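Working notes, beginning with the structure itself.
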Amino acid sequence: MEFKTLRIDMRSILMGLAFVLMWSSAFTSARIIVADAPPITTLALRFVFSGLLGIALAASLGQKISLTRGQWISVVVFGVSQNALYLGLNFVAMQWIEAGLASIIASSMPLIVAFLGWAVFRDRLSRMALGGLMLGFAGVAVIMGTRISGGVDLTGLVLGIVAAVALAVATLTVRTAAAGGNLLMVVGLQMLVGAAVLAPFGLVLESFEVNWSWTLVIAFLYTTLVPGLGATWVWFALVGRIGPVRASTFHFLNPFFGVTIAALLLGEKLSALDVIGVAVITVGILAVQLARQKPTAG
């Protein structure tokens, strides 16, 4: 029995690490894409391919478009909030800000969730959670201060912050995606919702001018299959396996992996204050998430 429990825990840890790596790498691949292609239109196309592939795979596994009411709400809310707003704004923002900074802003989502839960839903915060919240936002302030003084584009910065808030709202609103089965079908359908919302904006606001290269093609395929379809499926599966609170704990690794991948693959520079800020945010997120975990009887 103990061996079985250990195996299940290790599987959850591996799933969480896989999600973090895939999710964190999305900012680097997105940065490559928006340098040579229109962001909104490209993202809408990515959602179409990811969504259709997800639905086809779900159908091959015997899953049907027969969802619970809660799952349909998940499809719509996540499709609009996570895909259209969060990812759409992030893709646009990364025309002006670096992938590492975008990942840091997005990684503050658990802090925003905790803050909104306290401010809007009157959730009680323990001293540890409150301290972690203050520490995390202090780390964000350190990084923002250095970037603003260094001449970061404020339009991209604001869009990234709004995107993180949209993801936090989606996280607070939807808690039923993993319940009721048909998980891969849910993932595929919410991708198509994101495509349907973004496509009109791409047609109106952008001209489809692309600087074709193998780098662009590989980045598009990667972001379609790995962060797009793979990370979303792993996340919902992880939430269904260990619950949203424990699953969210893995987010504390995102700032570190996000800036590391961007530095390695894109050569983005990190100052000493950036490193300190990332470390402070990481500790703050971890404190908030650990404080939210309910103690279990021994």
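Could you point to the residue in 231, 30, 247 farthest towards the positive end of region 16-292's charge dipole, with +1 and -1 charges on the Cβ of Lys/Arg and Asp/Glu respectively?
Checked the options; the winner is 247.
Give the share of C-alpha pairs in each 5 angstrom bin for the chain, from 0 to the last occupied bin, in whole percents, shortest bins first.
Histogram of Cα-Cα distances, whole percents per bin: 1, 6, 11, 16, 19, 17, 14, 9, 4, 2, 1, 0, 0.
Can you compute 3J(HN,Hα) from phi for each residue in region 280-291, using the Karplus curve 6.51 cos²θ - 1.76 cosθ + 1.60 with θ = phi - 60°, rounded to whole Hz and x for Gly and Pro?
So the J values, rounded to whole Hz, are 5, 4, 4, 5, x, 4, 4, 5, 4, 5, 5, 5.
Give me 248, 103, 213 ranked fewest to most by other Cβ atoms within 10 Å of their Cβ, as a rough exposure proxy. Could the numbers behind the result be given before it?
On the way: 248 24, 103 30, 213 12.
Going from least to most buried by this count: 213, 248, 103.
At q = 0.18, 0.23, 0.24 Å⁻¹, work out log10 I(q)/I(0) for region 175-293 with the Debye formula, treating every Cα as an identical point scatterer and leaving solvent out; two decimals please.
-1.17, -1.21, -1.24
Report the full-extension gain for the segment residue 68 to residue 130: residue separation times 0.36 nm, less the Cα-Cα distance, to one decimal in nm. Show your work: numbers first, answer last.
On the way: separation 62, 0.36 × 62 = 22.32 nm, distance 3.59 nm.
Contour length minus Cα-Cα distance gives 18.7 nm.
Can you give the FRET efficiency to the nearest 0.05 for residue 56 and residue 76, using r as the Cβ-Cβ distance and R₀ = 25 Å? It would help to have the intermediate numbers written out before the result.
Working: r = 21 Å, r/R0 = 0.85.
With R0 = 25 Å, the Cβ-Cβ based efficiency is 0.75.
Counting other beta carbons within 10 Å of each Cβ, put 191, 109, 10 in order, fewest first.
Working: 191 29, 109 23, 10 10.
The fewest-first ordering by Cβ neighbours comes to 10, 109, 191.
Which of 222, 86 comes first, and how do the rest follow, when ranked by fewest Cβ neighbours within 10 Å? Spell out each step's value before the answer.
On the way: 222 19, 86 25.
Final ranking by Cβ density, sparse to dense: 222, 86.
What is the gain in length, in nm to one decimal, between residue 271 and residue 215 on full extension, counting 0.36 nm per residue of separation less the C-alpha to C-alpha distance? Walk me through the numbers before you get to the answer.
Working: separation 56, 0.36 × 56 = 20.16 nm, distance 2.75 nm.
Here the answer is 17.4 nm.
Each value in this text was obtained by applying a stated rule to the coordinates, not by laboratory testing. Small disclaimer: the values here were computed from a predicted structure and weren't measured. Don't worry about glycine lacking a Cβ; one is built from the backbone with ideal geometry, like all the others, and counts go over all protein chains shown.
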